[in-house]
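A.B. asks: Before I ask anything, here is the structure I am working with.
The values are calculated or read from the model by the stated rules, or taken from the named source; none is laboratory data. Keep in mind it's a predicted model, so treat the numbers as computed, not measured. Cβ placement follows ideal geometry from the backbone for every residue including glycine, while neighbour counts extend to all protein chains displayed. Please note that ligands, DNA and RNA were not included when accessible areas were found on the heavy atoms of the full protein model with its side chains. Shrake-Rupley method; radii C 1.70, N 1.55, O 1.52, S 1.80 Å.
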Amino acid sequence: MIIRTEKLTRRFGNYLAVDNLNLEIEEGEIFGFLGPNGAGKTTTIRMLCALVEPSTGRAWVDGHEVGRNERDNDLVRQAVGLLTEAPGLYELLNAVDNLLFYAQLYGLSGSQAHQRAEETLRWLDLWQWRKEPVGTFSKGMKQKLAIGRALLHRPRLLFLDEPTASLDAEASLAVREAILSLKEAGRTIFLSTHNMEEANRLCDRIAIFKQKLLELDTPLNLRRRFGLEGRQVQVRMRQRRPGLAESVAGLDFVESATWQETLNGHAALEVRLSDPEKHNPALLRYLLDQGAEVQYVEEQTPSLEEVYLATVNPKEPA
Ligand code: ATP
């Protein structure tokens, strides 16, 4: 367990920013932290990086308790890398000098600093731009360099606070690839993002947070749990067959079956079953026996965005 929190709480005056947060994060995970503006995500990250003291509750990061004493706080800060919303680069300095400056702050020796700077720039495909002032870099190049900077001291755990906010699709992809290659290298990533598609694709588990922990699960489980009662598969076929929806709906393991329009004019039969893993083979056998030309079969779940919105703005019971 690389992060564990127990009733972690932070108040600012009378305002409760983080309320009794209990988390356990395994080493090697990409852990997504989703929540609306002002939810307390940055405050949580700052507590876990020993930059803000918890008001009450406890947290351990890489085995060291945050806020216990200065020595433990230092050990926590050595174990973590942090990329905040502001990348903190010096625009007039070139890429190498930016990294050397931060390497010095991390206490690396001269030769170690040069070696790390070179490794980092090569890994991020920025080596050929190393002598250019960072002010001339694109936003994506700056963001990659900022990730490299946060990793100079080789932390086991990296906190990324909205790393792709305001990046275009190509730059976001480069940052996401960097995140995945860090996971492959065994690092743990704590990712705060407002980009649902990014969270859905990258994260092993996702917490939905708004002062309190509202949900915590894998992206697929979250989407499944928020599905309507029962589970749904969509079977796309070349064309509708009269009577087929009705006869499928009559199968004893099927709860309902209805035709949906698809954009390309093909036919899609949406079938709700209580246990798709168990009954899909029988469903398909039946459809093929009826002469249906099945093209695709897809599990239907709500999008992570729908799950997220329903979680942070729950509907009042009527
Ligand atoms: P965003 O997605 O907008 O970055 P966030 O989830 O990171 O939001 P925080 O920055 O942690 O949210 O802020 C949570 C709440 O705590 C906000 O209402 C903020 O105004 C308040 N807050 C944060 N830091 C302080 C501070 N140092 N003093 C007083 N209030 C603060």
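A.B. asks: Go through (1) within 15 Å of the ligand (Cβ to nearest atom); (2) of a type in the set (Gly, Ala, Ser); (3) out of contact with any helix residue (DSSP H, G or I) (no Cβ under 7 Å at 6 or more places or on another chain) one by one and return the number of the condition SER111 breaks.
C.D. replies: (1)
A.B. asks: Pairs under 8 Å by beta carbon, first residue surrounded by fewer than 20 Cβ atoms within 10 Å (Cβ to Cβ) in segment 112-123, partner among the hydroxyl-bearing types (Ser, Thr, Tyr), six or more apart or different chains?
C.D. replies: As it stands, the answer is TRP123/SER181, since those pairs meet every condition given.
A.B. asks: Also: Restrict the check to segment 85-95 and report whether at least one residue is within 16 Å of the ligand (Cβ to nearest atom), of a type in the set (Gly, Ala, Ser), modelled with pLDDT of 95 or more and within 23 Å of the chain's Cα centre (by Cα).
C.D. replies: No, segment 85-95 contains no residue that is within 16 Å of the ligand (Cβ to nearest atom), of a type in the set (Gly, Ala, Ser), modelled with pLDDT of 95 or more and within 23 Å of the chain's Cα centre (by Cα).
A.B. asks: Checking the condition within 16 Å of the ligand (Cβ to nearest atom), open to solvent by 10 Å² or more (accessible area, probe 1.4 Å) and either more than 30 Å from LYS139 (Cα to Cα) or within 23 Å of the chain's Cα centre (by Cα) (or both), which residue from ASN22, ASN69, ASN14 passes?
C.D. replies: Numbers: ASN22 fails: within 16 Å of the ligand (Cβ to nearest atom); ASN69 fails: within 16 Å of the ligand (Cβ to nearest atom).
Residue meeting the stated conditions: ASN14.
A.B. asks: Please name all residue pairs, on different chains or six or more residues apart, with Cβ atoms under 7 Å, provided the first residue is in segment 292-318 and is crowded, with 17+ Cβ neighbours inside 10 Å and the second residue is assigned to a loop (DSSP other than H, G, I, E, B).
C.D. replies: So the pair list comes out as ALA292/ARG241; THR301/GLY227; PRO302/PHE226; PRO302/GLY227; VAL307/PHE226.
A.B. asks: Let me ask another. Scan segment 266-289 for residues that are open to solvent by 50 Å² or more (accessible area, probe 1.4 Å) and within 35 Å of the chain's Cα centre (by Cα) and report the count.
C.D. replies: Qualifying residue count for the region: 7.
A.B. asks: List every residue pair whose Cβ atoms lie under 7 Å apart, where the two residues are 6 or more positions apart in sequence or sit on different chains, the first residue falls within segment 12-33 and is touching a residue at least 60 places away in the same chain (Cβ under 8 Å), and the second residue, located anywhere, is within 11 Å of the ligand (Cβ to nearest atom) and among the hydroxyl-bearing types (Ser, Thr, Tyr).
C.D. replies: ALA17/THR43; VAL18/THR43; VAL18/THR44; LEU21/THR44; GLY32/THR193; PHE33/SER192
A.B. asks: Let me ask something additional. State which residue is farthest from TRP60 (Cα to Cα) when the search covers only segment 96-127 and only residues that are of a type in the set (Ser, Thr, Tyr) and more than 29 Å from the chain's Cα centre (by Cα).
C.D. replies: The first filter runs over segment 96-127 and keeps only residues of a type in the set (Ser, Thr, Tyr), leaving 102, 106, 109, 111, 120.
Pick out the ones that are also more than 29 Å from the chain's Cα centre (by Cα) and you get 109, 111.
On the way: SER109: 29, SER111: 33 Å.
So, considering only residues that are of a type in the set (Ser, Thr, Tyr) and more than 29 Å from the chain's Cα centre (by Cα), the one farthest from TRP60 (Cα to Cα) is SER111.
A.B. asks: Next question. Which condition does TRP259 not pass, out of (1) surrounded by fewer than 16 Cβ atoms within 10 Å (Cβ to Cβ); (2) over 30 Å from the mean Cα position of the chain (by Cα); (3) assigned to a helix (DSSP H, G or I), if it passes all the others?
C.D. replies: Here TRP259 meets the rest and fails (3).
A.B. asks: On the given criteria, is GLU177 away from the ligand (no atom under 16 Å from the Cβ) and farther than 20 Å from GLU119 by Cα?
C.D. replies: Values: away from the ligand (no atom under 16 Å from the Cβ): yes; farther than 20 Å from GLU119 by Cα: no.
Spelling it out, it is not the case that GLU177 is away from the ligand (no atom under 16 Å from the Cβ) and farther than 20 Å from GLU119 by Cα.
A.B. asks: Further question on the same structure: Given the structure, is ARG58 within 12 Å of the ligand (Cβ to nearest atom), touching a residue at least 40 places away in the same chain (Cβ under 8 Å), out of contact with any Pro (no Cβ under 6 Å at 6 or more places or on another chain) and not in a loop (DSSP other than H, G, I, E, B)?
C.D. replies: Working: within 12 Å of the ligand (Cβ to nearest atom): no; touching a residue at least 40 places away in the same chain (Cβ under 8 Å): yes; out of contact with any Pro (no Cβ under 6 Å at 6 or more places or on another chain): yes; not in a loop (DSSP other than H, G, I, E, B): yes.
Criteria not met by ARG58.
A.B. asks: Hey, among the residues in segment 25-55 that are touching a Lys or Arg at 6+ places or on another chain (Cβ under 6 Å) and among the polar types (S, T, N, Q), which one's nearest to the ligand (Cβ to nearest atom)?
C.D. replies: THR43
A.B. asks: Assuming SER166 fulfils every condition listed in (1) out of contact with any strand residue (DSSP E or B) (no Cβ under 9 Å at 6 or more places or on another chain); (2) in a helix (DSSP H, G or I); (3) open to solvent by 40 Å² or more (accessible area, probe 1.4 Å) apart from one, which condition is it?
C.D. replies: Only one criterion is unmet by SER166, namely (2).
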